[in-house]
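The values are calculated or read from the model by the stated rules, or taken from the named source; none is laboratory data. Computed from a predicted model, the values in this text were never measured in an experiment. We place every Cβ from the backbone using ideal geometry, glycine too, and count neighbours over all the protein chains shown.
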Amino acid sequence: MKEEQAYGNVVKTLVEELDLRDHVHFTGYRRDALDIMAAANAVLHTSRYEGLPNVVPESAFAARPIVCYAVSGATEVIRQGETGFIVDQGDVEAAARCPFSLASDPEAAMRMGLSARGALSDEYRESTMIRDKIAFYDEVLRPRLSSKKVVIEDDVWIGGHAMILPGVAIGRGSIVSAASVVTRDTPPLSVPCGNPARVLRQRGAEPARKTGSFS
């Protein structure tokens, strides 16, 4: 999307200004993300708003410790100082310090990564999580599905695994973040994110209005 491309350009410019070209790599879309994780000393994840970030159990499957902001769900998987580190949201110094400490002690990082993989139960595997989530919403929502519709207005982007509950209207020009669960109407040009989703911010110019509905 254009906004993601614009943000990517900002980050690339910053890397150039800080002369970090030999240390920061922009790989683009990859099908071997788990292999890349396995080649690292640690995984750093600094998303501020998530349910359970998929990258957390993925890094554990790759036997790598993860450093993560304190987002919902992460504390259920990460054992502080044993399988990874959780730092306060926005604490950039702590988020940078932990990976460097792990890189300076590869053996400790390996022990922590193996502990992460050993501690990970089947309930956090992607297939299990998707199956359980679908079963839960199917049980809760099935009685409502026949009577209420979801309304998606024009120029709306919906991320993968996102869920919009019956009776909810998504305003034109909105971007629904991946894996979000939208439980209430969202205004035009909004960016809802999370579970339950909340509007993080508003976008720019308003597109032409055109509405549609889905059963």
Inset, instruction - Kindly indicate whether any position in region 19-32 is outside any helix (DSSP H, G or I), small (Gly, Ala, Ser) and out of contact with any strand residue (DSSP E or B) (no Cβ under 8 Å at 6 or more places or on another chain). - result: yes
Inset, instruction - Among what's in region 12-48 and is closer than 26 Å to residue 198 by Cα and free of Cβ contacts under 8 Å to residues at least 40 places away in the same chain, pick the residue that is surrounded by the fewest Cβ atoms within 10 Å (Cβ to Cβ). - result: 47
Inset, instruction - Return a yes/no flag: does region 89-100 have any residue that is among the polar types (S, T, N, Q) and farther than 22 Å from residue 179 by Cβ. - result: no
Inset, instruction - Using the structure shown, decide if residue 63 is closer than 25 Å to residue 179 by Cα and at pLDDT 85 or above. - result: yes
Inset, instruction - Would you confirm whether any residue within region 193-209 is in contact with a Leu (Cβ under 6 Å, 6 or more places away or on another chain) and modelled with pLDDT of 90 or more? - result: yes
Legend entry - Residues located in region 49-82, provided they are part of a loop (DSSP other than H, G, I, E, B), among the acidic types (Asp, Glu) and closer than 27 Å to residue 192 by Cβ: 50
